[in-house]
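Read the structure below first, then the notes.
The values are calculated or read from the model by the stated rules, or taken from the named source; none is laboratory data. Small disclaimer: the values here were computed from a predicted structure and weren't measured. Reconstructed Cβ throughout: ideal geometry from the backbone, glycine too, with neighbour counts over all protein chains shown.
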Amino acid sequence: MWNYTNLQSLDLNRNCVLESPLETESLKETCVYKKCVKKAPDPQTGLHRNLNHNDNEKIVPVSTSEDQTQMLFVDAFLQNNRLDHVTQLMGYHPNYLEMFLRTQQYLLRGDGPLPFHYRHYIAIMAASRHQCAYLIHLHEQEFILQGGDQDWLKGPAFIPTKLRKLHEVNKILAHRPWLFNKSHIEGLRKEAWSVSELVQAIVIMAHFHALSSFVFGCGIKNEPDHHGGFTYRPHSPTENSNDSDYTSDSSSDSNSEPEVGIEILMERMKKLKESQEEEPTEEERRKRFEKVEFQSAELTKPGKKPSPKAEIIKYVQDEEFCYIDFTKRGCTEEAPTFRANEYSWDDHGFSIANRLYSEIGNLLDEKFSMAYNLTYYTMGEVIDVDTSAFRRAIWYYIHCLYGIMHDDYDYGQVNQLLERNLKQYIKTVTCYPERLTKKDYDNVMKEFKHSEKVHVNLMLLEARLQGELLYALRGVMQYMT
Ligand SMILES: CC(C)C[C@H](N)C(=O)O
């Protein structure tokens, strides 16, 4: 349904999207993704540099000259009744955006056992675990458009028991997915949930948990017609921090370490590639994994969890329940390491998802592999770079935060390629995105292009989603057998 507000937002969204360090006051409408132009190598470093990018762009404008992106924007507008900021930001990576839109459309509006208004309400429940006002507001509106009862938006006391009973699973999957097991399914089966309804609900929850990470990770602002969204940007980042999804940063936290630049990173990647080191033994691999896991527990986020605003708190139960570190979770009993070679997406998750919720396995599979393999062979201003080692390190580090170990990956690479600040950022965005501050965003990947920071956030979204689904679908499989 198109209405004036939606058309308005299409027009106005250029002025209020990102609370990003790159925000300028001028409302530039420039296309973001440009083809690299090959230049002569830098005489000092021998690296090829792409001098043809403009780092002032924040989102891909509605008037983009890229045909593929333009078409996707039209699709997104028709699907979502608006061209939202998430879509415009993902517009930097049109091949990915296409799969994202296809999957989200299927989850919310395609064939499936759950009524449409339930799907949007589940999206609200999921986003509320991370206090993601942006997604909550979007789906409150969609919920009403789908004929949902306005009273439900007062909070869980007003919703049907069946839906309310999802709370426990929503909470566990969002923060400690390793606790999920078949007993949760058994419990919900007694509350009139069919297995296929549950699988759809689980995929919707996981999708919106991970999308909340993306929204905070990139600092996406509210839509113009939502609370706090229809404003001009503040002049300084500290002014009026209320209208953004970033928390204001009062702590002088640890993010002051100098960053390893792109050149050093590239040298390290090259060394790893050329290294003649013998394949580490299984035992050695396990030790390296445990080391990374152990170290991650030291990367705590100083400062308190932000307290949710009234419009969000009404949806949140057990507010205190959140991610806990490996060292505190009593690894042996409650959460043994999840071995991805014993239960993997490719061999297990994919087929059980497809079987119980037709088509979803294929859609997710394409989206995972797009995010995992996406590359433009660039790093900052350097072109012709094989970035796979860096990208793999990010993906597997996220799984490691969830206690998932891939036997064939050498976790030594994580420590060589991801420095402390970046690990801290990844951990915050993955585990408690609501705590991310603008300063955290500013302090990482300083030499990267804006579109590359978005790229990293796409990987965070997908790796987190896959990790959560691995636990959830393993629980479903245990229930079925
Ligand atoms: C995250 C980025 C460093 C990815 C890089 N720009 C690439 O095209 O592979």
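For first residues located in the range 142-156 and at positive phi, partners that are of a type in the set (A, V, I, L, M, F, W, C) and part of a helix (DSSP H, G or I) and lie 6+ apart or on another chain with Cβ distances below 8 Å form the pairs 147/116.
Condition (residue is in contact with a His (Cβ under 7 Å, 6 or more places away or on another chain) and outside any loop (DSSP other than H, G, I, E, B)) applied to the range 434-447: is it met by at least one residue? Within the range 434-447, one or more residues are in contact with a His (Cβ under 7 Å, 6 or more places away or on another chain) and outside any loop (DSSP other than H, G, I, E, B). Among the residues of the range 368-382, those identified as at negative phi and surrounded by 20 or more Cβ atoms within 10 Å (Cβ to Cβ) are 368, 371, 378, 379, 381, 382. Looking across the range 372-391, just one residue is within 11 Å of the ligand (Cβ to nearest atom), closer than 30 Å to residue 109 by Cα and in a helix (DSSP H, G or I), and that is 373.
If you go through the range 94-129 and pick out every residue that is assigned to a loop (DSSP other than H, G, I, E, B) and without any contact (Cβ under 8 Å) to a residue 40 or more places away in the chain, you end up with 1. Within the range 406-420, the set of residues being surrounded by fewer than 22 Cβ atoms within 10 Å (Cβ to Cβ) and either within 9 Å of the ligand (Cβ to nearest atom) or under 30 Å from residue 179 (Cβ atoms) (or both) comprises 406, 407, 408, 409, 410, 412, 413, 415, 418, 420. Modelled with pLDDT of 95 or more, within 16 Å of the ligand (Cβ to nearest atom), assigned to a helix (DSSP H, G or I) and touching a Gly at 6+ places or on another chain (Cβ under 7 Å): is that true of residue 473 in this structure? So residue 473 does not fit the description; no. For the range 450-481, filtered to residues that are of a type in the set (Asp, Glu) and under 18 Å from residue 399 (Cβ atoms), the residue that is nearest to the chain's Cα centre (by Cα) is 462. For beta carbons closer than 8 Å, sequence separation of 6+ or different chains, a first residue in the range 378-391 that is in contact (Cβ under 8 Å) with a residue 40 or more places away in the chain and among the small types (Gly, Ala, Ser) and a second that is more than 7 Å from the ligand (Cβ to nearest atom) and part of a helix (DSSP H, G or I), the qualifying pairs are 380/262; 389/269; 389/272; 389/273; 389/413; 389/417. Residues that are among the basic types (Lys, Arg) and buried (at least 21 other Cβ atoms within 10 Å of the Cβ) within the range 59-114 comprise just one, 82. Considered as a group, the residues in the range 392-405 that are assigned to a helix (DSSP H, G or I) and either of a type in the set (Ser, Thr, Tyr) or out of contact with any helix residue (DSSP H, G or I) (no Cβ under 6 Å at 6 or more places or on another chain) (or both) include one that is nearest to the ligand (Cβ to nearest atom), and that residue is 392. Return the pairs, sorted by first residue and then second, in which the second residue is modelled with pLDDT of 85 or more, the first residue lies in the range 276-287 and is surrounded by 14 or more Cβ atoms within 10 Å (Cβ to Cβ), the beta carbons are less than 6 Å apart, and the residues are 6+ apart or on different chains. Here the result reads 280/410, each pair linking the range 276-287 to a residue that is modelled with pLDDT of 85 or more.
When the range 432-448 is filtered for residues that are β-branched (Val, Ile, Thr) and within 16 Å of the ligand (Cβ to nearest atom), only 444 remains.
For residue 459, the conditions (1) of a type in the set (A, V, I, L, M); (2) out of contact with any Gly (no Cβ under 9 Å at 6 or more places or on another chain); (3) closer than 18 Å to residue 207 by Cβ; (4) away from the ligand (no atom under 11 Å from the Cβ) are fulfilled apart from (4).
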